[in-house]
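The values are calculated or read from the model by the stated rules, or taken from the named source; none is laboratory data. From a predicted model like this one, the values you see are computed outputs, not experimental measurements. Cβ sites come from the backbone with ideal geometry, for glycine too, and all protein chains shown count toward neighbours.
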Amino acid sequence: MDKKNFNKMSNFFKKEGFYVVLFVCLCVVATVAAVTSKSNKTPVKPPVVQESAKDTKGSEIVAQEANEEYDNALQVKKNTVPSKSTVDNTQTNNTQTKTSTNKTSAAVSKTVDTKFANPVEGTLARAYSEDPVWSDSTSTYRPVLGIDIKTDLGKEVVAALDGKVLEVGEGEYGKYVAIYHQNGLTTVYANLDPDIKVSKDKSVKKGEVIGKVGNTSLRSGYEKYGSHLHFEVVKGKDITKNENKVDPAKYVKYTLSK
């Protein structure tokens with residue numbers, strides 16, 4: 001039996017041996033090729049993984065830049081928006097400035113007295129008139145750019161307002177004193193006694209005695225009402241300009257002489 005089988009196998013290899021050997025060789029070659037290919041193969045990271053890492057890194061950079069911009073914006077806002085203490089201090093300073101200004105204005109208003117005092121006791125002998133009126137002293141018609149206050153010779157004359165003596169002199173109305181006031185007006189007191197109590201540039205107070213009624217006017221001896229004070233009110237400091245003279249009755253009040 002064994003011999004019979006052996007003979008069969010021997011005959012088989014004799015007939016098919018070439019093909020068997022060829023098959024074995026092909027298997028060996030294929031195996032060697034497979035092993036060689038596996039040994040020489042270099043592992044490469046998938047492109048998808050690389051892109052993912054790149055995107056992640058880029059996202060981190062963008063996020064970091066965004067955070068930096070946000071922090072910068074917060075810092076700018078913090079520096080730009082005033083703090084509560086700064087606002088409070090500003091409001092306090094504004095309030096103090098406004099209060100100080102109001103106090104200063106109130107103080108100035110309080111110190112500047114604009115109500116005139118009558119310069120002398122007496123009655124109104126001649127009123128202000130821009131139109132020519134009859135003058136006994138000159139026997140002519142002429143305007144009267146002041147008022148004549150009938151009073152006693154030697155009667156004290158006082159400043160109508162606080163001010164500064166602008167001039168002390170003598171003119172057609174006799175000895176006079178001109179006082180400039182803070183309201184921009186100048187008051188003139190004429191026909192004074194030569195014994196004048198003030199001098200140029202002297203500061204005077206309302207009601208302060210500046211002299212006495214005299215008889216220094218060239219016309220006073222001819223006026224039927226006798227002793228008087230000639231009183232003028234002038235806008236500005238130039239007492240020679242007739243167009244600057246205004247009616248004193250706007251500032252002082254006298255009853256008309258009988």
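General observations
- Hits in segment 142-198 (condition: among the small types (G, A, S) and closer than 17 Å to V213 by Cα): G146, G154, A159, A160, G169, G171, G174, A178, A190
- Any chance L153 is touching a strand residue (DSSP E or B) at 6+ places or on another chain (Cβ under 7 Å) and outside any loop (DSSP other than H, G, I, E, B): no
- Within segment 153-182, residues that are of a type in the set (S, T, N, Q) reach partners that are buried (at least 20 other Cβ atoms within 10 Å of the Cβ) and at pLDDT 95 or above with beta carbons closer than 9 Å, at six or more positions or on different chains, in the pairs Q182/L161; Q182/G163.
- Qualifying positions in segment 105-131 - at pLDDT below 85 and among the aliphatic types (A, V, I, L, M): A106, A107, V108, V112
- Hits in segment 198-227 - residues which are crowded, with 17+ Cβ neighbours inside 10 Å and free of Cβ contacts under 8 Å to residues at least 40 places away in the same chain: V198
- Residues that are assigned to a strand (DSSP E or B), under 17 Å from Y251 (Cα atoms) and out of contact with any His (no Cβ under 9 Å at 6 or more places or on another chain), drawn from segment 131-148: V144
- Number of positions in segment 195-222 that are more than 47 Å from the chain's Cα centre (by Cα) and in a loop (DSSP other than H, G, I, E, B): 11
- Qualifying positions in segment 14-44 - of a type in the set (S, T, Y) and either outside any helix (DSSP H, G or I) or at pLDDT below 65 (or both): S37, S39, T42
- Given (1) at pLDDT 95 or above; (2) in a loop (DSSP other than H, G, I, E, B); (3) more than 23 Å from E243 (Cβ to Cβ); (4) in contact with a strand residue (DSSP E or B) (Cβ under 6 Å, 6 or more places away or on another chain), index of the condition Y225 fails: (1)
- For segment 228-257, the set of residues classified as touching a Ser or Thr at 6+ places or on another chain (Cβ under 8 Å), touching a residue at least 60 places away in the same chain (Cβ under 8 Å), in a loop (DSSP other than H, G, I, E, B) and exposed (fewer than 13 other Cβ atoms within 10 Å of the Cβ) consists of T255 only.
- Selection of segment 159-181 for residues being part of a strand (DSSP E or B) and more than 43 Å from the chain's Cα centre (by Cα) yields V168, G169, E170, G171, G174, K175, Y176.
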